[in-house]
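For reference, the structure discussed in these notes is given below.
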């Protein structure tokens with residue numbers, strides 16, 4: 001599964017909102033040293049009930065706009 005994601009770092013609370021063509025993910029972590037990316041992967045793995053290793057950022061590692069791939073359970 002491929003997801004378009006817009007990340008909002010330094011938010012007050014972690015949450016995922018569904019928009020028309022993408023997911024808006026609010027993260028309490030800052031984007032420094034990949035903290036926001038690690039938290040994004042943790043939140044998405046929890047939301048879609050997969051292991052963290054099954055979630056990867058395909059594009060936009062250093063951008064707020066990201067494309068994330070979630071591999072199916074085996």
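FYI, it's all coordinate maths here, none of it is from the lab. Since the model is a prediction, treat every value here as computed from it, not as a measurement. A quick note on method: Cβ atoms are made from the backbone with ideal geometry, for glycine too, and the neighbour counts reach across all protein chains shown.
A few notes on this one:
- Condition check for residue 25: buried (at least 17 other Cβ atoms within 10 Å of the Cβ), within 12 Å of residue 61 (Cα to Cα), in contact with a helix residue (DSSP H, G or I) (Cβ under 8 Å, 6 or more places away or on another chain) and in contact (Cβ under 8 Å) with a residue 12 or more places away in the chain: no
- Matching option when the condition is surrounded by 17 or more Cβ atoms within 10 Å (Cβ to Cβ) and touching a helix residue (DSSP H, G or I) at 6+ places or on another chain (Cβ under 7 Å), among 57, 5, 16: 57
Yes or no, residue by residue, for (1) within 18 Å of residue 11 (Cβ to Cβ); (2) touching a helix residue (DSSP H, G or I) at 6+ places or on another chain (Cβ under 7 Å); (3) surrounded by 13 or more Cβ atoms within 10 Å (Cβ to Cβ):
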| residue | (1), (2), (3) |
| --- | --- |
| 33 | yes, no, no |
| 40 | yes, no, yes |
| 43 | yes, no, yes |
| 50 | no, no, yes |
| 67 | no, no, yes |
| 70 | no, yes, yes |
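- Flag for residue 3 being closer than 25 Å to residue 71 by Cβ and in contact (Cβ under 8 Å) with a residue 24 or more places away in the chain: yes
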